[in-house]
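Note sheet for the following structure.
Values quoted throughout were computed directly from the atomic coordinates according to the rules given, and no laboratory measurement underlies them. Just so it is clear, the structure is predicted and the values come from calculations on it, not from any experiment. As a convention, Cβ positions derive from the backbone with ideal geometry for all residues, glycine included, and neighbour counts pool all protein chains shown.
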Amino acid sequence: MQGQIEVEIADLKLRNPTILASGILGTSADYLTEIARAGAGAVTTKSVGLEPREGYKNPTVIQVECGILNAVGLPNPGIRKFAKEIEELHSLEIPLIVSVYGFSPKEYAEVAMMAVEAGADAIELNLSCPHIKGSGAEIGRSPKMIGLVVEKVKESVNRPIFAKLTPNVTDIKEIAMAAASSGADAITAINTVRAMAIDIETCRPILANKIGGLSGGAIKPIAVRCVYEIYEAVDIPIIGCGGVRTWRDAVELILAGASAVQIGSAIAYEGLPVFKAIAEGIRTYLYRKGFGSVKEIVGLAHEA
Ligand SMILES: Cc1cc2nc3c(=O)[nH]c(=O)nc-3n(C[C@H](O)[C@H](O)[C@H](O)COP(=O)(O)O)c2cc1C
């Protein structure tokens with residue numbers, strides 16, 4: 001049969017390759033349920049840490065020419081409270097990926113353990129937030145630190161672990177290899193690209209945090225390059241992320257080497273129908289090109 005859009009990442013079975021990206025609407029059981037109903041293949045929660053965080057002062061999110069610039073500062077209620085939201089999701093019909101961050105390998109592992117106990121099907125390690133001191137990309141820029149975090153989480157939980165990488169490094173292959181050799185079950189690439197905007201009337205940076213992360217259409221070619229490079233460096237599945245708004249964007253990332261794609265900023269422009277539209281677009285593409293499944297086109301752009 002042609003045009004199968006089901007995919008598998010580690011031991012997760014997805015009805016289609018679209019996944020909600022972390023940080024966009026994934027803050028409550030209600031939102032996550034609504035996104036599942038809208039047709040996503042899996043959902044990722046907002047990143048959660050051990051203790052509650054307020055996040056930065058406004059402005060935290062602004063629209064720029066071809067994307068969204070944010071420095072929200074990882075506001076979250078802390079894993080103990082968030083676990084109650086996760087527990088409400090037991091009847092979710094699609095895999096639930098819980099995104100976690102910490103300030104040490106031990107803290108990442110503690111949060112991951114509580115998330116799994118509450119019902120997470122997989123853990124995504126936020127090793128890539130571009131604007132948090134002592135966590136996120138500050139850890140994810142070092143192959144050694146990535147290795148320590150992945151190893152510690154891997155020995156602490158029995159669910160698949162996805163390492164979400166930052167593009168703000170010289171060599172993303174080296175970082176991906178460190179994650180894979182330490183036991184990551186998949187790589188998510190990419191988080192936002194460090195960026196800023198200045199208000200020319202007030203002559204000051206617009207974001208309260210001054211520097212933030214750029215997402216949306218502007219970063220898609222960066223995501224395609226990162227996925228392409230990572231595919232050549234590791235043997236574990238890749239979840240592509242960055243600027244996916246249409247099925248064409250999704251197919252491009254899959255051809256570069258992604259087994260599934262995450263969607264974040266596009267929800268602001270397209271709303272929740274974006275999941276079904278992309279999944280059906282991929283199915284039609286596979287059918288038109290005579291491919292039997294998504295698997296057949298993963299990394300096809302690498303063939304000579
Ligand atoms: C407002 C906002 C908040 C985000 N929060 C998180 C977060 O908590 N954890 C994380 O790993 N990524 C976070 N991200 C990054 C997205 O998950 C994604 O990697 C990035 O936006 C690129 O995908 P996109 O172009 O489809 O938005 C956030 C992005 C935005 C725009």
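How big is the range 7-303 on each of its three principal axes, counting only the C-alpha atoms and giving the largest first in Å?
52, 49, 38
Quick one: 3J(HN,Hα) in Hz for the range 6-22, Karplus 6.51/-1.76/1.60 with θ = phi - 60°, rounded, Gly and Pro as x.
Karplus values, whole Hz, x for Gly and Pro: 5, 9, 10, 10, 6, 9, 8, 9, 10, 5, 7, x, 9, 10, 5, 6, 5.
What are the residues whose amide H is under 5 Å from the amide H of I263, where those residues sit 5 or more places off or on another chain and H is modelled from the backbone?
Here the answer is I19, L20, A21, since their amide H atoms fall under 5 Å of that of I263.
Enumerate the residues in the range 55-71 having an amide nitrogen under 17 Å from the point lying 7 Å beyond the Cα of T202 toward its Cβ.
56-64, 69-71
Mind listing the long-range amide H neighbours of Q4? Cut-off is under 5 Å, sequence gap 5 or more, other chains count too, H placed in the peptide plane at 1.01 Å from N.
Residues meeting the amide H criterion: S293, V294.
So what are the ³J(HN,Hα) numbers for the range 253-268, from phi and the Karplus equation (6.51, -1.76, 1.60; θ = phi - 60°), rounded to whole Hz, Gly and Pro as x?
My calculation for the range 253-268 gives 5, 5, 4, 6, x, 7, 8, 7, 10, 9, 10, x, 3, 4, 4, 5 Hz in order.
Using modelled amide H (1.01 Å from N, peptide plane; none on Pro or chain starts), what sits under 5 Å from the amide H of A197, excluding residues fewer than 5 places away?
Long-range HN contacts for A197: I206, L207.
Using unit Cβ charges (K, R positive; D, E negative) and no other charged atoms, how large, in debye to the nearest 20, is the dipole of the chain about its Cα centre?
In debye, rounded to 20, the chain gives about 440.
Comparing Y269, Y287, Y231, which has the greatest mean-square fluctuation in the GNM of the chain with Cα pairs linked when under 10 Å apart?
In this elastic network of the chain, the residue with the biggest mean-square fluctuation among Y269, Y287, Y231 is Y269.
Within 10 Å, count the other beta carbons around each residue, average over each peptide in 223-229, 294-300, and list them highest first.
The packing order, highest mean first, is 223-229, 294-300.
The range 235-304 to the range 79-140: how many Å between their Cα centroids?
Spelled out, the Cα-based centre of one part sits 25 Å from the other.
So how strong a dipole does the range 160-226 carry about its Cα centre when Lys and Arg Cβ are +1 and Asp and Glu Cβ are -1, to the nearest 20 debye?
For the range 160-226, the charge dipole is close to 60 debye.
Measure off 7 Å from each Cα along the Cα-to-Cβ vector at E270 and K210, then give the distance between these two points in nanometres to one decimal.
3.6
Once you've got the Cα coordinates, tell me which of K152/K276; K152/K173; K133/K276; K57/K106; K220/K295 are over 26 Å apart.
Result: K152/K276; K133/K276; K57/K106 exceed 26 Å.
Is the range 169-304 best put as rounded, prolate or oblate by its Cα gyration tensor, with a ≥ b ≥ c the root eigenvalues, rounded for a/c under 1.5, and otherwise prolate when a/b is larger than b/c, oblate when not?
oblate
Over the chain, what is the relative contact order in percent, taking alpha-carbon pairs closer than 8 angstrom and at least six residues apart?
This gives 20 percent for the chain.
Computed FRET efficiency, Cβ-Cβ of R248 and S28, R0 30 Å: what is it to the nearest 0.05?
Between R248 and S28 the formula returns 0.45.
Can you work out ³J(HN,Hα) from phi for every residue in the range 100-105, in order, using Karplus 6.51 cos²θ - 1.76 cosθ + 1.60 and θ = phi - 60°, giving whole Hz and x for Gly and Pro?
Going residue by residue, I get 10, 9, x, 10, 7, x Hz, with x marking Gly and Pro.
Label points 7 Å out from Cα along the Cβ direction at E280 and E88: separation in nm?
Calculated label separation equals 3.0 nm.
Put a dot 7 Å past each Cα toward the Cβ at V64 and E8; how far apart are the dots in nm?
4.1
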